[in-house]
Amino acid sequence: MYGRTDKSVAIGALVSACAVLAVAAWLKPAAAGYGTHMQLGLPPCNFLRLTHLPCPSCGLTTCFAWAIRLQFRNAFFANPFGILAFLATVSMIPAAIVLLLRRISFRRITEHDLFPKALYAATALYFVSWIFKLATFHFVGY
């Protein structure tokens, strides 16, 4: 059964994905490979400040800002996981439109047997990406 909540979720996903991509297009990617988020008025990363090491999400905003410009090499070195997150954000736009037009509940996706496995895989890739970021942090030149 398709209801008002299903429609709201699809519209919310569509609007959110478009907003994230619009902000990424507006931002200027930081040359350092991280810190682009500060253009939004956010503070510098405390984890980086205290440890001199990148946090797991260090460079995600910069990655999106590079990826929206189709500069995937720079995006990858800013945050490898960010490429996957960027592609998921882009793909959410047609997916949400299909869900709306065909009146398909988002629960149909989240209740699928593969959904938890995809979340586990994404989580593992997130931490593998962090390991890569830690290993290359002081060596990557932009």
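Taking a ≥ b ≥ c as the square roots of the eigenvalues of the Cα gyration tensor, the stretch 25-79 is classed as oblate, since a/c reaches at least 1.5 and a/b does not exceed b/c. Which shape class applies to the stretch 4-136: rounded if a/c is under 1.5, otherwise prolate when a/b exceeds b/c and oblate if not, where a ≥ b ≥ c are the square roots of the Cα gyration tensor eigenvalues? Here the stretch 4-136 falls in the prolate category.
For the chain, take the longest principal axis of its alpha carbons; what is the angle in degrees between that and the long axis of helix 80-102, to the nearest 10 within 0 to 90? It is inclined by approximately 20 degrees. On the beta carbon distance between Ile11 and Val90, with R0 = 25 Å, the FRET formula returns roughly 0.90. Dipole check for the stretch 4-136: with +1 at the C-beta of Lys and Arg, -1 at the C-beta of Asp and Glu, and the Cα centre as origin, the magnitude is about 220 Debye.
Across the stretch 36-42, rounded Karplus estimates of 3J(HN,Hα) from the backbone phi angles (6.51 cos²θ - 1.76 cosθ + 1.60, θ = phi - 60°) give 4, 4, 5, 5, 8, x, 7 Hz, Gly and Pro being marked x. Site pair Leu101 and Phe115 shows an inter-label distance of 2.3 nm when each label is modelled 7 Å from Cα along Cα→Cβ. Using C-alpha pairs below 8 Å separated by at least 6 residues, the relative contact order for the stretch 1-77 is 30 percent. Take the alpha carbon gyration tensor of the stretch 76-142, find the square roots of its eigenvalues, order them as a ≥ b ≥ c, and report rounded if a/c is under 1.5; if not, report prolate when a/b exceeds b/c, else oblate. Since a/c reaches 1.5 but b/c is at least a/b, the shape of the stretch 76-142 is classed as oblate. For Lys28, the lysines whose Cα falls under 30 Å of its own Cα, not counting residues fewer than eight places away in the same chain, are Lys133.
Compared with the dominant Cα axis of the chain, that is its longest principal axis, helix 4-26 is turned about 30°. Ordering 3-10, 34-41 by mean Cβ neighbour count within 10 Å, with the highest value first, yields 34-41, 3-10. When the trypsin sites (Lys or Arg not before Pro) in the stretch 42-142 are filtered for DSSP coil states and for at most 16 other beta-carbon atoms within 10 Å of their beta-carbon, the remaining sites are Arg69, Arg103.
Just so you know, all these numbers are worked out from the coordinates, no wet-lab data involved. Keep in mind it's a predicted model, so treat the numbers as computed, not measured. Glycine gets a Cβ as well: all are built from the backbone with ideal geometry, and neighbour counts include every protein chain shown.
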